[in-house]
Amino acid sequence: MNELLLSATNLTKRFGGLAAVNDVSVDLHRGRIHAVIGPNGAGKSTLTNLLSGDLPPTSGSIRLNGQDITGQPPERISRQGLGRSYQKTNIFLPFTVWENVRLAAQSRERHAPFNPLHWISPAGRLAEVNRRCERALELAGLTARANSVAAATSHGEQRQLEIAMTLATEPTVLLLDEPLAGMGAAEAESMVALLQRLKAEHAVMLVEHDMDAVFALADVLTVMVNGQVIASGTPEQIRNDEGVQAAYLGEEH
Ligand code: ADP
Ligand code: MG
């Protein structure tokens with residue numbers, strides 16, 4: 001329990017003269033939600049892109065499940081167990097919820113030359129893919145919506161579907177960038193319950209602006225401002241940190 005799955009050390013990402021991420025270290029453990037908060041432009045999405053391999057770091061290193069993955073392409077990092085959701089959705093709206101999850105599960109298979117499923121019969125492989133999809137839908141709370149066309153589902157359900165699609169690739173580490181964005185109260189409540197379920201088996205990094213959700217969910221928080229970590233600790237420590245109060249958690253939040 002609480003095993004260290006991802007460890008990023010002294011990550012820096014420069015865009016020209018701007019250090020969007022400046023000497024940031026973060027550890028993600030199974031069974032924990034690690035929230036990353038900070039004002040717009042703090043570098044939260046850039047940090048997510050560094051961990052997923054969508055952007056190469058200028059300096060620093062990243063280890064996933066004990067392996068150095070620094071500078072590897074995102075498909076390869078995904079195969080090694082890192083799943084992420086994107087702020088822009090990858091859902092095929094004319095397809096059903098089930099079909100979307102199936103496509104996500106199969107894309108993982110196609111890109112995996114050493115996938116052990118290649119050694120079993122096509123029928124056995126299909127059964128295994130179906131089981132993986134059922135588990136993903138269940139965890140995402142979408143089993144009852146499996147046969148609905150994605151276009152006919154609500155905004156909240158589409159965000160759940162994105163997570164189900166990520167889960168279908170069987171990640172151990174999940175990076176979620178603002179999963180509650182644009183949600184009403186009821187949708188946010190379902191998403192909070194879903195995130196709570198995810199943490200049992202996964203290491204989760206949660207970038208989120210909804211502070212009620214963050215403080216309800218997070219086991220650990222990192223606060224970023226202008227690319228730098230200004231504080232890291234338990235929700236209690238962060239709530240009482242005067243630097244954080246001044247820089248971010250002011251009364252207006
Ligand atoms: P956050 O997600 O915390 O709002 P971002 O990581 O999106 O912050 O952005 C951090 C800073 O890096 C911002 O100043 C942003 O304008 C800049 N930035 C992000 N991506 C790029 C890019 N591809 N090229 C140049 N600057 C970028
Ligand atoms: Mg962002």
- Just checking, how many residues over segment 150-171 are under 27 Å from GLY53 (Cα atoms), in a loop (DSSP other than H, G, I, E, B) and of a type outside the set (Gly, Ala, Ser)? 3
- Task: Return the residue satisfying two criteria in turn: it lies in segment 31-60 and is surrounded by fewer than 15 Cβ atoms within 10 Å (Cβ to Cβ) and in contact (Cβ under 8 Å) with a residue 24 or more places away in the chain, and of such residues it is farthest from ligand 1 (Cβ to nearest atom).
- Result: SER59
- Message: Please go through (1) in contact with a strand residue (DSSP E or B) (Cβ under 7 Å, 6 or more places away or on another chain); (2) within 14 Å of ligand 2 (Cβ to nearest atom); (3) of a type outside the set (Asp, Glu) for LEU28 and return the number of the only condition it doesn't satisfy.
- Response: (2)
- Only one of ASP54, ASP27 that is modelled with pLDDT of 95 or more, assigned to a loop (DSSP other than H, G, I, E, B) and among the acidic types (Asp, Glu): ASP54
- Those residues of segment 57-98 which are in a strand (DSSP E or B), of a type in the set (A, V, I, L, M) and farther than 19 Å from ASN22 by Cα amount to LEU64, LEU82
- Subset of segment 200-215, residues in contact (Cβ under 8 Å) with a residue 12 or more places away in the chain and among the acidic types (Asp, Glu), comes to GLU201, GLU208, ASP210
- Based on what the data block shows, is LYS13 within 16 Å of ligand 2 (Cβ to nearest atom) and either more than 13 Å from the chain's Cα centre (by Cα) or surrounded by fewer than 19 Cβ atoms within 10 Å (Cβ to Cβ) (or both)? yes
- Message: Considering only residues that are part of a strand (DSSP E or B) and within 13 Å of ligand 1 (Cβ to nearest atom), which ones fall in segment 1-24?
- Response: LEU11, THR12, LYS13, ARG14, PHE15, LEU18, ALA19, ALA20, VAL21, ASN22, VAL24
- Select, from ALA20, ALA8, the only residue that is more than 16 Å from ligand 2 (Cβ to nearest atom) and either surrounded by fewer than 16 Cβ atoms within 10 Å (Cβ to Cβ) or modelled with pLDDT of 95 or more (or both). ALA8
- Message: Here are the criteria: (1) within 16 Å of ligand 1 (Cβ to nearest atom); (2) in contact (Cβ under 8 Å) with a residue 40 or more places away in the chain; (3) outside any loop (DSSP other than H, G, I, E, B). Tell me which single one LEU137 does not satisfy.
- Response: (1)
- Message: List pairs: first residue in segment 7-24 and at positive phi, second residue among the charged types (D, E, K, R) and surrounded by fewer than 22 Cβ atoms within 10 Å (Cβ to Cβ) anywhere in the structure, Cβ distance under 7 angstrom, at least six positions apart or on different chains.
- Response: ASN10/ASP23
- Task: Sort out which residues of segment 35-93 are farther than 23 Å from ALA216 by Cβ, within 13 Å of ligand 2 (Cβ to nearest atom) and among the basic types (Lys, Arg), and write them in order of number.
- Result: LYS88
- Go through the residues of segment 168-188 one by one and say whether even a single one is closer than 21 Å to SER45 by Cβ, among the polar types (S, T, N, Q) and either in contact with an Asp or Glu (Cβ under 8 Å, 6 or more places away or on another chain) or buried (at least 18 other Cβ atoms within 10 Å of the Cβ) (or both). yes
- Which ranges mark the strands (runs of 3 or more DSSP E) fully within segment 172-250 that have 3 or more residues being within 23 Å of GLU162 (Cβ to Cβ)? 173-177, 203-207
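The values are calculated or read from the model by the stated rules, or taken from the named source; none is laboratory data. All values reported here derive from a predicted model rather than from experimental measurement. For neighbour counting, all protein chains shown are included, and Cβ atoms are generated from backbone atoms with ideal geometry for every residue, glycine included.
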